[in-house]
Amino acid sequence: MSDLHTPNSRAYTHNACGNTTVVTDEHFTAICDPFRLVTGTFCVGCESHFPLKDFVWADTGEVIADARERWAREAPPAVRTLNSSLGCWLTLALGAAAGAAVGWFAVAQTGKAAGIGAAVGAVALPIVWLGFVVPAVTKSVYNWDPRHLK
């Protein structure tokens, strides 16, 4: 998938009213990524939000919710694992363990420092992992960019 032709928008149609909305930029990336928690989107005609099952992609006619499920199934196995609940729980546990170790060894060698470090690590590592590492790996190693999916 070439970055030279990475789409930055796509149109979808609301089944209830028939109006078409063009989604762009970060909203487009989010709605296309089957591993992001997106349950609905906006209709410009109705001026309100509705579930993804109420919209179809204008160019293919496929229900957006169905397309996202298919894309998740068709993603490379490693991409599915990196984005799975197991991957999330592992990063939470690893972050807590790393933070506790830093708090214990680098700060004060007390239970309180280890606890604070564990809490910080349990928050920081998943943010870094899910926000930066997973997207970078899926794009660079697996050449998988959900904005290209049809």
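The values are calculated or read from the model by the stated rules, or taken from the named source; none is laboratory data. All figures in this text were calculated on a predicted structure; none of them were measured in a lab. Virtual Cβ from ideal backbone geometry, glycine too; neighbours counted across all protein chains shown.
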Open item on the list: For region 33-55, check the following and say yes or no: at least one residue is assigned to a helix (DSSP H, G or I), in contact (Cβ under 8 Å) with a residue 24 or more places away in the chain and of a type in the set (Asp, Glu).
Closed with: yes
- [ ] Filter region 136-149 down to residues that are part of a helix (DSSP H, G or I) and either touching a residue at least 40 places away in the same chain (Cβ under 8 Å) or closer than 19 Å to Arg10 by Cβ (or both), then give me how many there are.
- [x] 6
TODO: Return only the number of the condition from (1) part of a helix (DSSP H, G or I); (2) farther than 23 Å from Trp144 by Cα that His27 does not satisfy.
DONE: (2)
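The rows are residues; the columns are (1) buried (at least 17 other Cβ atoms within 10 Å of the Cβ); (2) part of a loop (DSSP other than H, G, I, E, B); (3) touching a helix residue (DSSP H, G or I) at 6+ places or on another chain (Cβ under 9 Å).
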residue: Glu69; (1), (2), (3): no, no, no
residue: Thr81; (1), (2), (3): no, no, yes
residue: Thr91; (1), (2), (3): yes, no, yes
residue: Leu94; (1), (2), (3): no, no, yes
residue: Ala97; (1), (2), (3): no, no, yes
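This table checks each residue for (1) among the aromatic types (Phe, Trp, Tyr); (2) modelled with pLDDT of 90 or more; (3) more than 30 Å from Ala16 (Cβ to Cβ); (4) over 20 Å from the mean Cα position of the chain (by Cα).
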position	(1), (2), (3), (4)
Phe55	yes, yes, no, no
Glu62	no, yes, no, yes
Glu69	no, yes, no, no
Arg73	no, yes, no, no
